[in-house]
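Quick note: the coordinates plus some simple rules give every number you see, no bench work behind them. No experiment lies behind these values; they were computed from the predicted model shown. Cβ coordinates were reconstructed from backbone atoms using ideal geometry, including for glycine residues, and neighbour counts include every protein chain displayed.
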Amino acid sequence: MSAITHLQFLESEAIYILRETAAQFQKPALLFSGGKDSIVMAWLARKAFYPSKLPFPLLHVDTGHNFPEAMEYRDWFVQEIGATLTVGLVQKSIDEGRVQEEKGHTASRNKLQTVTLLDTIEEHQFDACLGGGRRDEEKARAKERFFSHRDEFGQWDPKNQRPELWNIFNGRKHFGEHFRVFPLSNWTEMDIWQYIRQENIPLPSLYFSHQRKIIERHGQLLDASTGIIPLLDEEKPRVKEMTIRFRTVGDATCTGAVESTASTIDEIVAEVAAARQTERGTRADDKRSETAMEDRKKEGYF
Amino acid sequence: MDVLVNPTESSLLRFTTAGSVDDGKSTLIGRLLYDSKSIFEDQLLAVEESSKRRGDAHVNLALLTDGLRAEREQGITIDVAYRYFATPKRKFIIADTPGHIQYTRNMVTGASTADLAIILIDARLGVIEQTMRHTYLASLLRIGHIVLAVNKMDLVNFDQAVYDKIVADYMAFAKGLENLPHVTPIPMSALNGDNVVDKSENTPWYTGPSLLQHLETAQVHTETAVDEARFPVQWVIRPISDREDAKLGNLHDYRGFAGRVASGTFKVGDDVLVYPSEMKTKITGIHTFEGPQPEAIPQLSYSITVADEIDTSRGGMIVKAGEPAQTAQEFDAMICWFADKKTLKPRSRFHLRHTTNDVRAVVTDVLYKVNISTLEKSAASKEFSLNDIGCIRLRCASPIFFDAYAKNRTTGSFVLVDEQTNNTVAAGMILKPLVDAGDEDAEVAI
Ligand SMILES: Nc1nc2c(ncn2[C@@H]2O[C@H](COP(=O)(O)OP(=O)(O)OP(=O)(O)O)[C@@H](O)[C@H]2O)c(=O)[nH]1
Ligand SMILES: [Mg+2]
C-alpha cells in the first residue's frame, strides 16, 4: 500500500501532466476562466515549474459577459502567480462577422466561445491548450483522455481516441492539429474543494454566500443584478433579493446560482458533501439536449 | 453527492471492469454508484428519462457510464468511462471498459492503470473467449487482483451449481497463466443489486463479502518505498534568473531535474547514477514548491538537484548508485497490437515511447503469438493484426534504460507510435534485454 493520500496522488498526477505538456509541445497555453478548476490548475502549474516561472501563458476566452468580481480576481491572480495573460475576445469574433450572436432573452455566448478559442489558438499558434475539465463533470467528459487529440478543424473524435496507457502520453501530431490536455481529469468537485481548503487558495467572492438580485428562469437562479442577462417585462416583478452562491463561475448568462449560506471553505465542503444535484445541474448550456456536451466538444469546445 | 472522506487518511483504489459484450459491466458500475448513493438527482432523472425514451423495461443504469451518442444508440460501451466515488473507507477511481473485441485497445487503456480488475461472466454463458482474453490481458498487465463477478444470477435462479461450475472452469483456465492473480469469485445480479453493495438473501449458500465490502478492504500492491529507486526526468528547471528565492536563495545556478518518483525512495546525500551517461553523483537537494524535502517517495513529483554538472535532460533517469537499471539497444517484449488497418511484422518501424524517452525502433523479429483460448505460443505467423498479443524483438536507435515489466510497471512499459498517423498502435511490456551472443559475462551480469 502506498502511504500517500488521494489528494497527494491527484496533485502529483496533475503536476506530471503539466510538465509533460510543457515538454512535449512547442507552444502550450493554459485556459483560464477565473473558475475554481482553472484556478487550481494554474496553482498547480506554479508548483510544477517552481522556482521557474510558468513556461506558458494563461489564455482567457472572454465572452464579455463577465461578473466584475471574476475579472478583478483574474487580474489579481495573474499578478500573484507571476504569469502572463493572453485574452481572446468573443466580441471581436462577433464584430468581424465570424459568429452570429444568439437572439432572444436566453441568448448565450457560451457556444460562440468555441470559434473565438479556435481563432485564438490559430492566431497564436498554440499547439496544446490545458483545460480544467474534470471527468466527473459530465458523461462525455468521463470518456476523454488526458491528452485529447484535435484535428486541424479543432474537432474531437470520441469514437476514435488514441489509447492512453500507463503514464505514457502521446502528443505527436501533424502540422495544424493540436491537443487539449486535462491535468485535473481524475479530480472530483469534492477533491477540488478539499484541495482549495488544504492549500488556502483565495477564490473570487462569487463562490461564497452573498446577497444578490436573482431571477428564477426554467428552474435556474440567474443573476439579475449586473444587467448582463436581459429580462423580459413579465420577469421584472419576479426579481428577488436572495442569499446565494455560485458553484461554478463562467459566462454569466448560463451560470446558475444555488441558495446557500456557506460563507467559508469549510461550510462549502460540507454543502458539497450533502448536495443532491451535480454542479453542472445549474448550467443551462448542458440542458439543451441529452448529448449537448458531446456535440459541443466535437466542434472544439473546451 | 460525494462522501466526505478524511483527506489526510483516505487511500485510493483504482479498478477496472472487463468481460464480454453485454455481460453487464456498465450496469454493475451504475448499480454500484446507485446503491452507494453516489448518483446525483439530476443524473438519475436524466437516466430515467433516457430509459423511458428508449422504451427500456427498467431504469437502464448502464446509461450512467455509456455517455456517448454512439454508445447510447447501440447499447454498447465503445470507450472507457472513468467514474469516481467514495465511501468513508476509501476513494475509488473506476474505469468502465468495453467488452467488444474491436475496442480491446480501450479495455487495455482502462486496465493499464488499475490495481484490481472485475471480470464479469454472464452466468448463462459461462467462461467464453472474451473472458479468457481479458483475464490474460489482466495478468499480462500484472493486475494482481481479480474479482470474478458471475453476473445475471437472477437468470439462472441463483443456482449454486451453475456458479460453482463457472468458478471451477475459470480457475482451470487461470492456472495456466504465468502470473496468476489473486481471484475472488462473487455471485451477482448487477441488474437487481444482489451482492453488489449488500449481501443478497437470494444466495444463502454464498458466504464471502459483497463486491463493495471486498473493494473497501482489498490490499493491493502499488509501487512501494522499498523497490529500487527510479526517477525518470521529465523536464529541466532552469530559472535563468538572478532572483532571490525565499526558500532556495539566489537562482542563478539552479538546475533541477523535474519528475515523478516511479519507485523506491531517494534521500538528500544519496549516491546516484544518472542516465544516459551513467555518471555517478550525489543528490544535493529535493525540492517542491513547499520547500526543501528530506526525501522523495513513490508517485510524488519533485525537482532534484545533484552535486556535479551532469549532462541529462528529458528522457534521462536518476537511480540509486547500487541499483542500476538495465541498458540495452535491443530487447524482447510482449505487445498487444491495436491498429485495425495496419499490421506489425519484422522490419516495421515506429517511434517508441518509454517513460519520458522517445526513440526510433525497428522490429527485428516476431518470436511468437499467443492463442488466447489455449495460451499456446505459436511462431507460425510473423504478422500481428488487430488485437493480437505476442512477443517481439525490438532494436532502438539508441540504448534505453529500463527494468523488466514484471519488476516495474513504469520503467518496464512502452508504447509504439505509428510514424505516419502518429497513432498509438501497441502497448509493450519489456521482458529482457537481448544479450550479445559472444559475450557470456554480460549474461551473468544481467
Ligand atoms: N437479468 C439481468 N440482466 C442484466 C444483468 N446485468 C446486466 N443486465 C442486462 O444486460 C444488458 C447489457 O448490460 P451492459 O451493462 O450494457 O453490458 P456491458 O457489459 O457493459 O456491455 P459492453 O460495455 O458493451 O461490453 C442490459 O440489457 C442489462 O440490463 C443482471 O444481473 N441480470
Ligand atoms: Mg458497458
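For this structure, a couple of remarks:
- The ranking of B:Val183, B:Val162, B:Val80 by Cβ neighbour count inside 10 Å, starting from the fewest, reads B:Val183, B:Val162, B:Val80.
- Under the shape rule built on the C-alpha gyration tensor, where the axes satisfy a ≥ b ≥ c, the stretch B:11-217 is rounded, since a/c falls short of 1.5.
- Gaussian network model of chain B, springs between alpha carbon atoms under 10 Å - residue of B:Ser139, B:Ser189, B:Ser200 with greatest fluctuation: B:Ser200
- Under the convention that each Lys and Arg Cβ holds +1 and each Asp and Glu Cβ holds -1, the size of the dipole of the protein assembly as shown around its Cα centre is about 700 debye.
- The protein assembly as shown: Rg to Rh, with Rh as the Kirkwood radius over Cα pairs: 0.96
- Annotation: aspartates and glutamates with alpha-carbon distance below 15 angstrom to B:Lys345 (same-chain offsets under eight excluded): B:Asp332, B:Asp365, B:Glu383, B:Asp388, B:Asp418, B:Glu419.
- Qualifying trypsin sites (Lys or Arg not before Pro) in the stretch A:213-282, where qualification requires a DSSP coil assignment and no more than 14 other C-beta atoms within 10 Å, comprise A:Arg276.
- All lysines inside 17 Å of B:Lys199 as judged from Cα atoms, apart from same-chain residues fewer than 8 positions distant: B:Lys37, B:Lys152
- Karplus (6.51, -1.76, 1.60) ³J(HN,Hα), θ = phi - 60°, over the stretch B:412-426, in Hz, Gly and Pro reported as x: x, 10, 8, 10, 9, 10, 5, 6, 8, 8, 6, 6, 7, 10, 8
- Charge dipole (the stretch B:11-217, unit charges on Cβ, about Cα centre) - positive-most of B:Gly55, B:Thr217, B:Met188: B:Thr217
- In the stretch B:269-361, the trypsin sites (Lys or Arg not before Pro) that fall in loop regions by DSSP, at most 14 other Cβ within 10 Å: B:Lys341, B:Arg347
- Of the trypsin sites (Lys or Arg not before Pro) in the stretch B:61-131, those whose Cβ has at most 12 other Cβ within 10 Å and which sit in DSSP loop: B:Arg124
- Taking other C-beta atoms within 10 Å as the exposure proxy, B:Met317, A:Met190 rank A:Met190, B:Met317 from fewest upward.
- Chain A, relative contact order [Cα under 8 Å, separation at least 6], %: 20
- For chain A, a Gaussian network of Cα nodes joined below 10 Å ranks A:Gly219, A:Gly133, A:Gly88 by mean-square fluctuation, and the top entry is A:Gly219.
- Alpha-carbon centroids, the stretch B:348-427 and the stretch B:133-150: separation in whole Å: 20
- Stokes-Einstein D for the stretch A:204-285, Kirkwood Rh over Cα pairs, 37 °C, 0.692 mPa s (µm²/s): 252
- Listed by Cβ neighbour count within 10 Å, with the fewest neighbours leading, B:Thr265, A:Thr5 appear as B:Thr265, A:Thr5.
- For the residues B:His182, B:His58, B:His351, a GNM of chain B with alpha-carbon springs under 10 Å puts the largest fluctuation on B:His58.
- For the cross-link pairs B:Lys341/B:Lys377; A:Lys139/B:Lys91; A:Lys159/B:Lys89, the ones whose C-alpha atoms lie over 31 Å apart are A:Lys159/B:Lys89.
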